[in-house]
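This report refers to the structure that appears directly beneath it.
The values are calculated or read from the model by the stated rules, or taken from the named source; none is laboratory data. Just so it is clear, the structure is predicted and the values come from calculations on it, not from any experiment. Note: ideal-geometry Cβ built from the backbone for every residue, glycine included; neighbour counts use all protein chains shown.
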Amino acid sequence: MRYFIIAGEASGDLHASHLMRELKKEDTNARFMFFGGELMANEGGMLLKHYREMAFMGLFPVLLNLDKIRHNFKLAEQKLLEFETDVLILVDYPGFNLRMAEFAKLNRIKVFYYISPKIWAWKTKRVHKVKKFVDEMFTIFPFETEFYRKFGYPVRYVGNPTIDELTHRTNQQETFTEFVHRNNLPDKPIIALLAGSRRQEIKRILPVLAAVSSRYSEYQFVIGGAPSQSQPFYTEVLGEVAIPVLFGQTYDLLQQSTAALVASGTATLETAFIGIPQVVCYRIEAGWLGTLVKNILVKVPWFSLVNLIAGREVVKELFQHNCTPKTVGDELDLILSDHSYRESMFKGYEDVLSALGGPGCAERAAKLMVELLSKK
């Protein structure tokens with residue numbers, strides 16, 4: 001089979017690479033062409049466009065890069081046909097991918113979606129495009145099944161890829177002493193800062209999280225660097241605040257941390273799996289106007305995956321004007337000093353992980369995909 005895959009972000013590159021590995025096990029004749037990154041390229045096939053050339057988020061970045069976006073669409077459409085694609089596999093990234101789903105459908109190419117876009121949170125109307133242009137949706141959160149059921153669209157829950165990555169992560173037996181020595185860090189308890197992966201997101205959140213560090217001389221704060229960013233970028237954002245940045249060691253960092261300040265996203269789930277108490281922070285553009293837009297458009301009661309999966313508040317969420325050095329620091333105080341508060345959070349983590357199930361997401365998805373394709 002010929003698989004054309006589109007992943008527009010670092011996380012999509014990771015998840016798609018695992019899917020490709022499993023597809024090769026199920027289909028020895030698998031051939032790949034894709035938009036993605038190095039991890040996908042390591043699995044073989046042809047990389048047409050790196051996700052770094054596709055990461056345009058927000059109104060103004062999109063407007064400023066319309067020519068590049070149009071070029072990316074034309075390239076994808078051209079190569080999708082030239083490759084004689086059997087199936088287009090889309091990984092999240094809805095703005096681009098739903099348009100490609102429509103193009104593929106018009107050209108009678110089967111469309112699979114692996115990792116649903118977050119239309120259950122906002123832009124819910126996109127569900128109608130999914131129903132119209134996507135043949136099969138493979139979801140990674142149990143609550144997505146009920147969301148799509150409301151619109152008469154059955155999906156296939158295959159588990160969560162983050163569980164796979166965390167289960168098989170390296171350095172699980174490393175001690176704190178070994179970790180700080182390996183990274184030339186002081187022998188002081190660590191507070192991890194996970195400020196997201198996109199530049200604008202990091203610019204909005206990291207200064208707030210970094211400002212908290214002045215309250216805690218007995219701790220060291222360490223940033224988990226995003227793979228798509230660089231040390232000079234973090235130095236620029238931090239200004240005069242000196243906080244070390246570790247790249248490619250987010251799981252190792254979390255494992256050795258006493259607590260974490262986390263930007264909303266997959267990192268909240270990773271932090272829960274490793275069992276580290278956390279404060280979840282989220283800031284968007286436009287200040288109070290952003291808050292108003294969020295209240296109007298966002299359709300879910302929480303924005304962290306931990307709370308969404310649990311169906312209740314397990315971790316504290318601090319959004320927009322409520323996300324300040326003082327509010328973050330006050331919540332961190334509570335986590336560090338109140339044993340029963342931490343234990344309640346850990347109990348919530350157990351419920352979340354139980355709902356997600358065990359590892360094997362990519363394997364289950366690949367088997368289903370090959371089985372469905374063999375029936376065409």
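For the reader, a short list of remarks on this structure follows.
- Residues in the range 182-215 that are in a loop (DSSP other than H, G, I, E, B) and not polar (S, T, N, Q) were compared, and the one that is surrounded by the most Cβ atoms within 10 Å (Cβ to Cβ) is Ala195.
Table: residues versus (1) over 22 Å from Leu47 (Cα atoms); (2) surrounded by 15 or more Cβ atoms within 10 Å (Cβ to Cβ); (3) over 20 Å from the mean Cα position of the chain (by Cα).
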site	(1), (2), (3)
Gln78	no, no, yes
Glu82	no, no, yes
Thr85	no, yes, yes
Pro94	no, yes, no
Met100	no, yes, yes
Lys105	yes, yes, yes
Lys110	no, yes, yes
Lys118	yes, yes, no
Lys123	yes, yes, no
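- For the range 78-102, the set of residues classified as at pLDDT 95 or above and in a helix (DSSP H, G or I) consists of Gln78, Lys79, Leu80, Leu81, Glu82, Asn97, Leu98, Arg99, Met100, Ala101, Glu102, listed by residue number.
- The criterion of being at pLDDT 95 or above, more than 16 Å from Pro244 (Cβ to Cβ), assigned by TED's automatic domain parsing to the domain that holds Leu261 and of a type in the set (Gly, Ala, Ser) does not hold for Ala192.
- Members of the range 63-97 found to be β-branched (Val, Ile, Thr) and under 13 Å from Tyr51 (Cβ atoms), listed by number: Val91
- Residue in the range 110-122 that is modelled with pLDDT under 95 and out of contact with any helix residue (DSSP H, G or I) (no Cβ under 7 Å at 6 or more places or on another chain) present: yes
- The helices (runs of 4 or more DSSP H) found wholly in the range 216-276 and carrying at least 3 residues that are aliphatic (A, V, I, L, M) and closer than 27 Å to Gly358 by Cα occupy 266-274.
- Residue within the range 158-167 that is among the hydroxyl-bearing types (Ser, Thr, Tyr) and closer than 16 Å to Asp92 by Cα present: yes
- Residue within the range 220-243 that is buried (at least 17 other Cβ atoms within 10 Å of the Cβ), over 16 Å from Leu185 (Cβ atoms), touching a Leu at 6+ places or on another chain (Cβ under 6 Å) and in the same structural domain as Cys281 (by TED's automatic domain parsing) present: yes
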